[in-house]
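Chemist: Pasting a structure here, questions to come.
The values are calculated or read from the model by the stated rules, or taken from the named source; none is laboratory data. All of these numbers come straight from a predicted model, not from anything done at the bench. Cβ atoms come from the backbone with ideal geometry, glycine included; neighbour counts cover every protein chain shown.
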Number of protein chains: 2
Amino acid sequence: MNYFSSDFKLGILGGGQLGKMLLYETRKYDIHTLVLDPSEEAPCRIACDEFFTGDLMDFDTVYNFGKKADVLTFEIEHVNVEALEKLEQDGVKVYPSSASLKIIQNKAKQKLFYVDNNIPTAPFSRFAYTNEILTAVKNESLSFPFVWKSAQFGYDGQGVKIVKTYSDLDELPNTECIVEELVPFKNELAVIVARNVSGEVKTYPLVEMEFHPTANQVEYVICPARVDIEIAKKAQLVALKVSAALEHVGLLAVEMFLTQDNEIIVNEVAPRPHNSGHYSIEASYTNQFEQHLRAILDLPLGRADSKVGGVMVNLVGSEGYTGNVFYENIEDIMKIEGVTPHIYGKKQTKPFRKMGHVTIVHEELDRAREVAGEVKKLIKVISK
Amino acid sequence: MNYFSSDFKLGILGGGQLGKMLLYETRKYDIHTLVLDPSEEAPCRIACDEFFTGDLMDFDTVYNFGKKADVLTFEIEHVNVEALEKLEQDGVKVYPSSASLKIIQNKAKQKLFYVDNNIPTAPFSRFAYTNEILTAVKNESLSFPFVWKSAQFGYDGQGVKIVKTYSDLDELPNTECIVEELVPFKNELAVIVARNVSGEVKTYPLVEMEFHPTANQVEYVICPARVDIEIAKKAQLVALKVSAALEHVGLLAVEMFLTQDNEIIVNEVAPRPHNSGHYSIEASYTNQFEQHLRAILDLPLGRADSKVGGVMVNLVGSEGYTGNVFYENIEDIMKIEGVTPHIYGKKQTKPFRKMGHVTIVHEELDRAREVAGEVKKLIKVISK
């Protein structure tokens, strides 16, 4: 199919900042786009050809929207997967597939999938309700501390808690969940795998994530990760194994831990362009958004390696500020060479809300990481 | 002023492919944009916040549009410059300024400006009407061959002709024009200079343009130009001199010839992002569109040097095809590493119409140029 000169229509479920960055790339290929999002003020609104508002979890809304598209994708996992299944039966191409999304949407299913496919992951137990954990602790089949994860709708560190005491347990919602062993790790790592419809595969370099000490949010993403080449290779092989086992079409961001014993274990995956790949806009030969498009349109994949060292800093709302956003010192960070801010366009800030990101590129990765530290110190997302 | 969190509005005159690429960058900064273009189907339509249709040469239309903006810029030179002057008097910030544009809009004025400012350029004569040339030839104050240029509205090689005989003269429109000596040159070169409101200046590397042997259109732009470092330095100094003399704010693309004697002479300039800078999207630390924004918003300029070697190939309609466009073999070129097509979204092709461009990047410039040749051979812009 020649997407560049036809009446082809691409549908995107979700109109947030990921969708917005994906839409930039559709413009490069002149692809006609439809977006569905619950908010009238979604960032995607002005970058697509046709915008629809509606509930992404509602079967009819998603089904009726999907029928307008030739290829359907999503920028968020929380969409009605039964509607995607029905659309696939009707002949709409849904990438990533409903089968892939179904496994990923539910963290208990995701973990079982890893076990079934011999993919290394932390030992875990599944519970239909959080209050069943109490019984397990009392029976001594489980002991503090451990990691609790809601099976559904976990996002950005919400839905994940480290449980150390009985009272920590009381604060959790009573929902389907998993409990994981607290594996001591040296590093959080990620690999993005791109796989197109025909099965061509490319992996991005291993990246390293530095977390905020208290907020459980990524502060820096560093590409390439500063680890041994052998570890990077091992991590890429694990990521490829996950993508192949899922027969995943599109991008798959595989988040991993490097354990104290230099083992790689999979934490979780995201079936879409991912925060850990934002550096690619400035640093990679093919950015993750263009690559996702190439993959789901069954175009040849682009080079996934980097031109230069890249570090990404998340721009989140500073603690103590809620209200109309103001980016303090943004001009000061732009004075520094190799610094590009990306502002998502949310009008209101609140503590730890993701408001944008900043990419720092440099021939020398160490210098990029130094500058990232300076950027982090200078810029403040406050209200005025 | 903090553009990133205010009610600031940027107005853009012209809604073509240059405006579209500029708009991608405004999204990165979340800047509210207004676009004026005569066509309901302008490529910018879906990428701006507010779209207006109207004649760019009409005083009232441009003035009334400009009044809505805090900063006004243009992606095309053919706009009503008197309206820009009035807007400046009213306090609207117009960048590049009406004074700069006025000099550039008219090729006779532009040439006189070079002479007045000691900027090297080919010897020339100015004529109020083309038919006055005949008298000059007969008086032997002018002899064949020479270059004829319409003083106004020259664009993309139209409005420029090499005149070798009396009958060539007959085919020209009877308009204000200049006649230039046909200077034998080794190379066509260009430098893009960025200058922000505060006067900070950055120059992009010298690029080399390879022209189509018959169509007088650029086929390849190669960055950096394959010339001596001394020539590159000289060209950059000449370009800086033009930008400074104009007190130009925004991008200024300075097209030059390298003569047989290794002298640099200025051919003409464009006060905006330019075809010779498209390679920058993939190859430069800061692409020309982001740089233009930084300049006109008085933000610090970004690095203008390159991460990798870059070559751009213009995608123009193949001879013999007019109608609904079809990009033959586009998937084949995308299979080659480092190749990114940019499709402008024009539905109809005709011979030599600019339909898009392709960028090729590689660590080794020579390899990028080789691939560009392969791309040029493979892809055909035809109708179906």
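Chemist: Only one of (1) of a type outside the set (A, V, I, L, M, F, W, C); (2) under 18 Å from the mean Cα position of the chain (by Cα); (3) away from every other protein chain (no Cβ under 14 Å) fails for B:Gln260. Which number is that?
Modeler: (2)
Chemist: Could we say that B:His248 is touching a helix residue (DSSP H, G or I) at 6+ places or on another chain (Cβ under 6 Å) and either over 28 Å from B:Lys149 (Cβ atoms) or of a type outside the set (Lys, Arg) (or both) here?
Modeler: For B:His248, the condition - touching a helix residue (DSSP H, G or I) at 6+ places or on another chain (Cβ under 6 Å) and either over 28 Å from B:Lys149 (Cβ atoms) or of a type outside the set (Lys, Arg) (or both) - is met.
Chemist: So, one more: How many residues does segment A:26-45 hold that are hydrophobic (A, V, I, L, M, F, W, C) and in contact with a Cys (Cβ under 7 Å, 6 or more places away or on another chain)?
Modeler: We begin by selecting, within segment A:26-45, every residue hydrophobic (A, V, I, L, M, F, W, C); these are A:31, A:34-36, A:42, A:44.
If we keep only those that are in contact with a Cys (Cβ under 7 Å, 6 or more places away or on another chain) as well, we get A:34-35.
Adding up the residues that qualify gives 2.
Chemist: I'd like to know if segment A:235-246 contains one or more residues that are in contact with a strand residue (DSSP E or B) (Cβ under 6 Å, 6 or more places away or on another chain), over 12 Å from A:Ile192 (Cα atoms) and surrounded by 19 or more Cβ atoms within 10 Å (Cβ to Cβ).
Modeler: Checked against the condition, which is being in contact with a strand residue (DSSP E or B) (Cβ under 6 Å, 6 or more places away or on another chain), over 12 Å from A:Ile192 (Cα atoms) and surrounded by 19 or more Cβ atoms within 10 Å (Cβ to Cβ), segment A:235-246 yields no hits at all.
Chemist: Which condition does B:Lys377 not pass, out of (1) at the interface with chain A (Cβ under 8 Å from one of its Cβ atoms); (2) without any contact (Cβ under 8 Å) to a residue 60 or more places away in the chain, if it passes all the others?
Modeler: (1)
Chemist: Kindly check whether there is at least one residue in segment B:43-54 that is loosely packed, with under 15 Cβ neighbours inside 10 Å and touching a residue at least 60 places away in the same chain (Cβ under 8 Å).
Modeler: There is no residue in segment B:43-54 that is loosely packed, with under 15 Cβ neighbours inside 10 Å and touching a residue at least 60 places away in the same chain (Cβ under 8 Å).
Chemist: Can you tell me which residue within segment B:264-285, out of those that are within 11 Å of chain A (Cβ to nearest Cβ) and in contact (Cβ under 8 Å) with a residue 60 or more places away in the chain, is surrounded by the most Cβ atoms within 10 Å (Cβ to Cβ)? Walk me through it before giving the result.
Modeler: Our first condition is that a residue be within 11 Å of chain A (Cβ to nearest Cβ); within segment B:264-285, this holds for B:281-285.
From the residues that got through so far, the ones that are in contact (Cβ under 8 Å) with a residue 60 or more places away in the chain too are B:281-284.
Values: B:Ile281: 22, B:Glu282: 24, B:Ala283: 27, B:Ser284: 24.
Only one residue tops the list, namely B:Ala283.
Chemist: Quick one: in segment A:1-30, of everything that is hydrophobic (A, V, I, L, M, F, W, C) and within 9 Å of chain B (Cβ to nearest Cβ), which residue is surrounded by the fewest Cβ atoms within 10 Å (Cβ to Cβ)?
Modeler: Step one: list which residues in segment A:1-30 are hydrophobic (A, V, I, L, M, F, W, C), which gives A:1, A:4, A:8, A:10, A:12-13, A:18, A:21-23.
Now drop any that are not within 9 Å of chain B (Cβ to nearest Cβ), which leaves A:4, A:21, A:23.
On the way: A:Phe4: 21, A:Met21: 25, A:Leu23: 28.
Filtering segment A:1-30 for residues that are hydrophobic (A, V, I, L, M, F, W, C) and within 9 Å of chain B (Cβ to nearest Cβ), the one surrounded by the fewest Cβ atoms within 10 Å (Cβ to Cβ) comes out as A:Phe4.
Chemist: From the list A:Gly317, A:Gly323, A:Gly310, which residue is small (Gly, Ala, Ser), within 14 Å of chain B (Cβ to nearest Cβ) and surrounded by fewer than 19 Cβ atoms within 10 Å (Cβ to Cβ)? Full working, then the answer.
Modeler: Details: A:Gly317 fails: surrounded by fewer than 19 Cβ atoms within 10 Å (Cβ to Cβ); A:Gly310 fails: surrounded by fewer than 19 Cβ atoms within 10 Å (Cβ to Cβ).
Among A:Gly317, A:Gly323, A:Gly310, only A:Gly323 is small (Gly, Ala, Ser), within 14 Å of chain B (Cβ to nearest Cβ) and surrounded by fewer than 19 Cβ atoms within 10 Å (Cβ to Cβ).
Chemist: I've got another one for you. Given (1) out of contact with any strand residue (DSSP E or B) (no Cβ under 6 Å at 6 or more places or on another chain); (2) touching a residue at least 60 places away in the same chain (Cβ under 8 Å); (3) at the interface with chain B (Cβ under 10 Å from one of its Cβ atoms), where does A:Glu363 come up short, assuming only one miss?
Modeler: Every listed condition holds for A:Glu363 apart from (2).
Chemist: Further, regarding this structure: Based on what the data block shows, is A:Glu219 acidic (Asp, Glu), under 24 Å from A:Gln105 (Cβ atoms) and either surrounded by 15 or more Cβ atoms within 10 Å (Cβ to Cβ) or in contact (Cβ under 8 Å) with a residue 40 or more places away in the chain (or both)?
Modeler: In short, no.
Chemist: Would you call A:Val115 assigned by the TED database to the domain that holds A:Lys67 and modelled with pLDDT of 95 or more? Spell out the reasoning first.
Modeler: Values: assigned by the TED database to the domain that holds A:Lys67: no; modelled with pLDDT of 95 or more: yes.
For A:Val115, the condition - assigned by the TED database to the domain that holds A:Lys67 and modelled with pLDDT of 95 or more - is not met.
Chemist: So how many residues does segment A:247-263 have that are crowded, with 23+ Cβ neighbours inside 10 Å and either polar (S, T, N, Q) or in contact (Cβ under 8 Å) with a residue 60 or more places away in the chain (or both)?
Modeler: In the first step, residues of segment A:247-263 are kept if they are crowded, with 23+ Cβ neighbours inside 10 Å; the result is A:248-252, A:254, A:256.
Next, only the ones that are either polar (S, T, N, Q) or in contact (Cβ under 8 Å) with a residue 60 or more places away in the chain (or both) stay: A:248-250, A:252, A:254, A:256.
Within segment A:247-263, residues that are crowded, with 23+ Cβ neighbours inside 10 Å and either polar (S, T, N, Q) or in contact (Cβ under 8 Å) with a residue 60 or more places away in the chain (or both) number 6.
Chemist: Let me ask another. Can you work out which of the residues in segment A:99-124 that are hydrophobic (A, V, I, L, M, F, W, C) and in a loop (DSSP other than H, G, I, E, B) is nearest to A:Val35 (Cα to Cα)?
Modeler: Here is the first cut: in segment A:99-124, the residues hydrophobic (A, V, I, L, M, F, W, C) are A:99, A:101, A:103-104, A:108, A:112-113, A:115, A:119, A:122, A:124.
From what's left, in a loop (DSSP other than H, G, I, E, B): A:119, A:122.
Working: A:Ile119: 35, A:Ala122: 37 Å.
Once the filter is applied, the top-ranked residue is A:Ile119.
Chemist: Among strands (runs of 3 or more DSSP E) lying entirely in segment A:126-207, which contain 1 or more residues that are modelled with pLDDT under 95?
Modeler: Values: elements: A:146-150, A:160-163, A:177-181, A:185-195, A:201-203.
So the answer is A:146-150, A:160-163, A:177-181, A:185-195.
Chemist: Check A:Val358 against each of (1) out of contact with any strand residue (DSSP E or B) (no Cβ under 8 Å at 6 or more places or on another chain); (2) outside any helix (DSSP H, G or I) and name the one condition it does not meet.
Modeler: Every condition holds for A:Val358 apart from (1).
Chemist: Checking the conditions here, which among B:Asn139, B:Asn174 is touching a Ser or Thr at 6+ places or on another chain (Cβ under 6 Å) and surrounded by fewer than 17 Cβ atoms within 10 Å (Cβ to Cβ)?
Modeler: Details: B:Asn139 fails: touching a Ser or Thr at 6+ places or on another chain (Cβ under 6 Å).
Selected residue: B:Asn174, the only one of B:Asn139, B:Asn174 that is touching a Ser or Thr at 6+ places or on another chain (Cβ under 6 Å) and surrounded by fewer than 17 Cβ atoms within 10 Å (Cβ to Cβ).
Chemist: Separate question: Does segment A:332-347 contain at least one residue that is within 13 Å of another protein chain (Cβ to nearest Cβ), of a type in the set (Asp, Glu) and in contact with a helix residue (DSSP H, G or I) (Cβ under 7 Å, 6 or more places away or on another chain)?
Modeler: Step one: of segment A:332-347, the residues within 13 Å of another protein chain (Cβ to nearest Cβ) are A:332-347.
Within this subset, residues satisfying the condition of being of a type in the set (Asp, Glu) are A:332, A:337.
Next cut, in contact with a helix residue (DSSP H, G or I) (Cβ under 7 Å, 6 or more places away or on another chain) only: A:332.
Checked against the condition, which is being within 13 Å of another protein chain (Cβ to nearest Cβ), of a type in the set (Asp, Glu) and in contact with a helix residue (DSSP H, G or I) (Cβ under 7 Å, 6 or more places away or on another chain), segment A:332-347 yields at least one hit.
Chemist: So which residues in segment B:173-219 are within 18 Å of the chain's Cα centre (by Cα) and among the small types (Gly, Ala, Ser)?
Modeler: B:Ala190, B:Ala194, B:Ala215
Chemist: Can you report the number of residues in segment A:142-177 which are small (Gly, Ala, Ser) and touching a residue at least 12 places away in the same chain (Cβ under 8 Å)?
Modeler: Of the residues in segment A:142-177, the ones small (Gly, Ala, Ser) are A:143, A:150-151, A:154, A:157, A:159, A:167.
So of that shortlist, the ones also touching a residue at least 12 places away in the same chain (Cβ under 8 Å) come out as A:150-151, A:154, A:157.
Number satisfying all stated conditions: 4.
Chemist: Name the single residue that is farthest from B:Tyr344 (Cα to Cα) among those in segment B:40-58 being more than 9 Å from chain A (Cβ to nearest Cβ) and touching a Gly at 6+ places or on another chain (Cβ under 8 Å).
Modeler: Among those residues, the one meeting the criterion is B:Leu56.
Chemist: Check off (1) under 17 Å from A:Trp148 (Cβ atoms); (2) surrounded by fewer than 17 Cβ atoms within 10 Å (Cβ to Cβ) for A:Phe211 and give me the number that stays unchecked.
Modeler: (1)
Chemist: Would you mind finding the one in B:Leu87, B:Leu101 that is in contact (Cβ under 8 Å) with a residue 40 or more places away in the chain, in contact with a helix residue (DSSP H, G or I) (Cβ under 9 Å, 6 or more places away or on another chain) and buried (at least 17 other Cβ atoms within 10 Å of the Cβ)?
Modeler: Details: B:Leu87 fails: in contact (Cβ under 8 Å) with a residue 40 or more places away in the chain.
Every option except B:Leu101 fails the conditions.
Chemist: Oh, and also: When both residues are 6+ apart or on different chains and their Cβ atoms are under 6 Å apart, which pairs have a first residue that lies in segment B:60-75 and is closer than 21 Å to B:Pro43 by Cβ, and a second that is basic (Lys, Arg)?
Modeler: Hits for this filter: B:Ala69/B:Lys9; B:Glu75/B:Arg272.
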